[in-house]
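Undergrad: Here it is, the structure, as structure tokens.
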Amino acid sequence: MSDPLVRHTGEGRCNLASPMAMPGAGAFLFNRKMMMQVNCRGFVTAQHMQPEPAKYAYPPSIEATVFMQPEQPYFAHHPGRFFYVRDESDGSLFSVPHEPVRAPAERFCFSAGRGDIRWDVEQPGLSCRAEVSLPVDEAVELWSFEIRNTGNTPRKLSVYPLFTIGFMSWMNQSARYEPGLGGIVARSVSGYQQLEQWDKVRQFKDLTYFLHDTDPDAWETALAAFEGEGGLHSPDGVVKDLLDNGEALYEMPAAVLQYRLELQPGETRRYRFLFGPARDEAEIESVRDQYLGQDGFAAARAAYGDYLGEGAGSLEIATPDPDFDRFFNGWLSRQVWYHGNTNRLATDPQTRNYLQDAMGMAYVQPELARKAVHNTLSQQTENGALPEGVKLFEGVELKYINRVPHSDHDAWLPICLQALLDETGDYSLLDQLVAGKTVFQRSELAMEHLANNLDDRGLSLLEQGDWCDPLNMAGHEGKGVSGWLTIATVHAFRTWAAICADAGHDDRAESWMDRAAEIECAAQEHFWDGDWFARGINDSGRVFGSHRDEEGAIFLNPQSWALMAGIADRDQEQSMVEAVQERLETPWGVMMLDPPYTCMDEGIGRLTQKFPGYAENASIYNHAAAFWVHALYRAGRGDHAFGVLRKMLPGPD
């Protein structure tokens with residue numbers, strides 16, 4: 001009987017039984033210094049911090065600098081970690097995990113654990129296992145590979161681990177086998193042109209190493225020489241008796257080793273490898289000495305398990321739905337820990353993201369959530385505005401989207417504070433000093449700045465985006481307003497007022513409640529569209545997110561936050577919920593908006609240029625869907641809320 005396609009085990013593992021049924025399936029590992037996204041077929045995307053994000057295994061061409069994408073387009077020469085196995089008697093060839101040979105396996109299992117990822121692949125008479133894990137504080141991959149003869153006759157084999165390194169630099173790249181270090185070392189100099197950049201570049205980890213615990217019979221370091229005319233699917237290098245022991249001299253490097261072995265029936269061979277970046281040979285030696293031996297692997301694995309255990313949630317549930325339990329007890333806390341502990345491998349996380357991640361950490365490690373509040377407020381501007389992005393290291397520059405002015409960052413502060421205070425009950429946080437002012441005083445300044453971000457109608461100005469980054473052309477002239485942010489401002493003020501009241505500042509609580517009521521009236525007057533709240537009014541005065549629009553007629557976020565803020569009366573609530581159910585809810589989750597935009601609308605922005613049904617343009621966007629779930633719970637619609645949440649999650653079908 002064949003294994004089910006997806007199966008969960010009692011050890012908290014999730015197993016996939018085919019590399020072809022779900023070819024994009026993957027898992028990820030992370031620590032304080034790196035993250036790796038691992039595809040079930042063997043492709044890998046990894047980044048480490050130095051302190052900015054950087055790669056050590058590259059695509060085969062110069063890559064634009066961009067943040068780590070959640071969805072990876074895979075291709076034949078995509079970076080990967082592969083193990084070729086050739087039968088020296090008949091020349092037959094397969095690879096583990098699946099790429100690049102793609103030979104059908106008698107059995108395949110891609111298994112994602114909490115702290116490791118592994119593959120079990122069975123071919124006639126052979127069983128293979130590849131496994132990877134990480135240490136806690138080093139950017140290094142800990143790999144093991146074992147092969148067992150499950151047949152009745154001896155087998156003569158060659159095993160070739162191939163770890164692609166790719167195009168490292170247009171200035172300088174090379175690779176060679178270095179016996180003194182115990183493996184292949186690829187060297188490069190990161191490309192730069194300005195003299196002032198050299199002091200920064202000289203600190204980079206421009207070496208990539210692939211170290212072994214067992215000396216190979218041969219090796220190759222030039223990808224083209226190994227690949228030859230056969231390509232990665234059937235490389236010329238594995239046809240020869242031995243690899244050529246070649247060097248890569250300003251050629252695209254790769255790390256390929258060859259092990260020739262004769263396996264008796266029942267015999268198993270095991271190998272360990274380290275793969276990662278280094279600044280110099282001394283760092284490579286240090287990593288080798290610490291991790292490469294059997295004891296080093298075991299110690300690193302135990303420490304990594306303890307590290308992940310620090311991110312365990314404060315609650316564990318048991319319900320009649322085991323798939324939901326696995327999501328809550330396993331995936332959710334691990335995801336919160338990744339975001340809050342590593343800051344998404346960013347040096348300048350966007351402020352709203354940073355504060356929302358801190359909300360999650362309130363339930364995992366409240367001290368880190370408090371630190372995030374302090375970091376954010378320490379970079380508050382004199383006029384009270386929170387920064388576009390929070391700089392985590394000295395000398396960091398704001399990048400990407402953090403160079404674009406957004407109008408919503410202040411609104412997230414009281415929401416984050418409320419979660420932290422509700423969880424800990426420690427209101428002394430508000431009295432702690434940050435850059436000469438208390439947290440309470442700085443929060444007041446942020447709320448005042450949010451209050452000043454209103455037009456003469458009392459509506460929140462949009463600038464070049466709010467929570468929805470690509471809504472960048474509706475308010476860039478300084479006149480467009482955001483329906484969502486206006487409603488979110490009501491929620492922020494009421495949340496802050498409740499904190500003020502609980503902290504004994506009754507006068508401030510009353511003042512913020514009064515301001516919230518004024519903005520609520522403005523939102524009702526200008527954004528209520530008959531059955532739902534409109535998304536905004538652009539610079540030219542056009543209302544969008546309205547029933548009059550052929551595209552983008554209804555947006556999810558204004559409806560969610562209207563329920564959260566309590567600004568919808570009973571009739572409005574009912575009509576909004578019905579509209580969202582009819583137009584946005586699907587069997588797989590809730591869409592961001594409907595209908596999707598199909599062409600550029602310069603009165604709204606690049607949101608309308610995204611592919612219909614992708615990202616903010618009418619996809620099932622779980623970040624926004626989570627707001628809707630929360631809003632439904634606040635409105636007392638628990639069954640509806642759980643139904644929406646359950647649609648977002650995998651299993652049982």
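The values are calculated or read from the model by the stated rules, or taken from the named source; none is laboratory data. The structure presented is a predicted model; accordingly, all values stated were derived computationally and were not measured. Note that we place each Cβ from the backbone using ideal geometry, even for glycine, and neighbour counts take in every protein chain shown. Ligands, DNA and RNA are stripped out before the accessible areas are found, and what is left, the full protein with its side chains, is counted by its heavy atoms. Shrake-Rupley method; radii C 1.70, N 1.55, O 1.52, S 1.80 Å.
Undergrad: Please name all residue pairs, on different chains or six or more residues apart, with Cβ atoms under 7 Å, provided the first residue is in the stretch 130-143 and is within 13 Å of TYR209 (Cα to Cα) and the second residue is modelled with pLDDT of 95 or more and assigned to a loop (DSSP other than H, G, I, E, B).
TA: Between residues of the stretch 130-143 that are within 13 Å of TYR209 (Cα to Cα) and residues that are modelled with pLDDT of 95 or more and assigned to a loop (DSSP other than H, G, I, E, B), the close pairs are GLU141/LEU134; LEU142/LEU134; LEU142/PRO135.
Undergrad: Quick test of your reading of the structure: ARG102 fulfils all but one of (1) touching an Asp or Glu at 6+ places or on another chain (Cβ under 7 Å); (2) surrounded by fewer than 19 Cβ atoms within 10 Å (Cβ to Cβ); (3) assigned to a loop (DSSP other than H, G, I, E, B). Name the failing condition by number.
TA: (1)
Undergrad: May I pose another question? In the stretch 195-215, which residues are in a loop (DSSP other than H, G, I, E, B) and open to solvent by 20 Å² or more (accessible area, probe 1.4 Å)?
TA: If the condition is that a residue be in a loop (DSSP other than H, G, I, E, B) and open to solvent by 20 Å² or more (accessible area, probe 1.4 Å), then ARG202, GLN203, PHE204, LYS205, ASP213, THR214, ASP215 are the ones that fit.
Undergrad: Which condition number does GLY180 fail, the rest of (1) touching a residue at least 12 places away in the same chain (Cβ under 8 Å); (2) touching a helix residue (DSSP H, G or I) at 6+ places or on another chain (Cβ under 9 Å) being met?
TA: (1)
Undergrad: Give the residues of the stretch 167-196 that are under 28 Å from GLY395 (Cβ atoms) and in contact with a Ser or Thr (Cβ under 9 Å, 6 or more places away or on another chain), sorted by residue number.
TA: Answer for the stretch 167-196, where residues must be under 28 Å from GLY395 (Cβ atoms) and in contact with a Ser or Thr (Cβ under 9 Å, 6 or more places away or on another chain): PHE167, MET168, SER169, MET171, ASN172, GLN173, ALA186, ARG187, SER188, VAL189, SER190, GLY191.
Undergrad: Might you check whether a residue that is surrounded by fewer than 19 Cβ atoms within 10 Å (Cβ to Cβ), within 26 Å of ASP120 (Cα to Cα), in contact with a His (Cβ under 8 Å, 6 or more places away or on another chain) and touching a residue at least 24 places away in the same chain (Cβ under 8 Å) occurs anywhere in the stretch 310-322?
TA: yes
Undergrad: Does at least one position in the stretch 429-441 carry a residue that is part of a helix (DSSP H, G or I), open to solvent by less than 40 Å² (accessible area, probe 1.4 Å) and within 19 Å of ASN383 (Cα to Cα)?
TA: Yes: one or more hits.
Undergrad: Would you mind telling me which numbered condition in (1) open to solvent by less than 20 Å² (accessible area, probe 1.4 Å); (2) assigned to a loop (DSSP other than H, G, I, E, B); (3) farther than 29 Å from ASN172 by Cα LEU243 fails?
TA: The number of the failed condition is (3).
Undergrad: Considering only the stretch 290-300, I want to know if a residue exists there that is within 24 Å of LEU134 (Cβ to Cβ) and in contact with a Gly (Cβ under 9 Å, 6 or more places away or on another chain).
TA: Yes, because at least one residue in the stretch 290-300 is within 24 Å of LEU134 (Cβ to Cβ) and in contact with a Gly (Cβ under 9 Å, 6 or more places away or on another chain).
Undergrad: Among the listed residues ALA446, ALA509, ALA451, identify the single one that is in a helix (DSSP H, G or I) and within 31 Å of the chain's Cα centre (by Cα). Break it down into steps so the answer makes sense when it comes.
TA: On the way: ALA509 fails: within 31 Å of the chain's Cα centre (by Cα); ALA451 fails: within 31 Å of the chain's Cα centre (by Cα).
On inspection, the qualifying residue turns out to be ALA446.
Undergrad: Let me ask you something else. Out of the stretch 1-60, which residues are hydroxyl-bearing (Ser, Thr, Tyr) and at pLDDT 90 or above? I'd like the intermediate steps shown before the answer.
TA: Applying the first criterion (hydroxyl-bearing (Ser, Thr, Tyr)) to the stretch 1-60 yields 2, 9, 18, 45, 56, 58.
SER18, THR45, TYR56 - these are the residues of the stretch 1-60 that are hydroxyl-bearing (Ser, Thr, Tyr) and at pLDDT 90 or above.
Undergrad: Could you check, for the stretch 321-337, whether at least one of its residues is within 30 Å of LEU433 (Cβ to Cβ) and at pLDDT 90 or above?
TA: Yes, the stretch 321-337 contains at least one residue that is within 30 Å of LEU433 (Cβ to Cβ) and at pLDDT 90 or above.
Undergrad: In the set GLY395, GLY478, GLY458, GLY425, which member is free of Cβ contacts under 8 Å to residues at least 40 places away in the same chain, open to solvent by 10 Å² or more (accessible area, probe 1.4 Å) and farther than 30 Å from VAL201 by Cα?
TA: So the residue among GLY395, GLY478, GLY458, GLY425 that is free of Cβ contacts under 8 Å to residues at least 40 places away in the same chain, open to solvent by 10 Å² or more (accessible area, probe 1.4 Å) and farther than 30 Å from VAL201 by Cα is GLY425.
Undergrad: Among the residues of the stretch 360-379, is any in a loop (DSSP other than H, G, I, E, B), touching a helix residue (DSSP H, G or I) at 6+ places or on another chain (Cβ under 9 Å) and closer than 14 Å to ALA446 by Cβ?
TA: Yes - at least one qualifying residue is present in the stretch 360-379.
Undergrad: Across the stretch 69-99, which residue is surrounded by the fewest Cβ atoms within 10 Å (Cβ to Cβ) among those that are of a type in the set (D, E, K, R) and under 30 Å from ARG344 (Cα atoms)?
TA: Checking each candidate, the answer is GLU71.
Undergrad: Let me ask something else. When you check CYS468 against the structure, is it buried (at least 19 other Cβ atoms within 10 Å of the Cβ), part of a loop (DSSP other than H, G, I, E, B) and under 25 Å from the mean Cα position of the chain (by Cα), yes or no?
TA: Yes, satisfied.
Undergrad: Going residue by residue through the stretch 524-531, is there one that turns out to be of a type in the set (Gly, Ala, Ser) and crowded, with 17+ Cβ neighbours inside 10 Å?
TA: No: zero hits.
Undergrad: Given the conditions (1) over 30 Å from GLU444 (Cα atoms); (2) among the acidic types (Asp, Glu); (3) at pLDDT below 95, report the number of the one that GLU283 does not fulfil.
TA: Going through the list (1) over 30 Å from GLU444 (Cα atoms); (2) among the acidic types (Asp, Glu); (3) at pLDDT below 95, GLU283 breaks only (3).
Undergrad: As an exercise: evaluate GLU367 against (1) surrounded by 19 or more Cβ atoms within 10 Å (Cβ to Cβ); (2) within 20 Å of ASN31 (Cα to Cα); (3) at pLDDT 90 or above and give the number of the one condition it does not meet.
TA: Going through (1) surrounded by 19 or more Cβ atoms within 10 Å (Cβ to Cβ); (2) within 20 Å of ASN31 (Cα to Cα); (3) at pLDDT 90 or above one by one, GLU367 breaks only (1).
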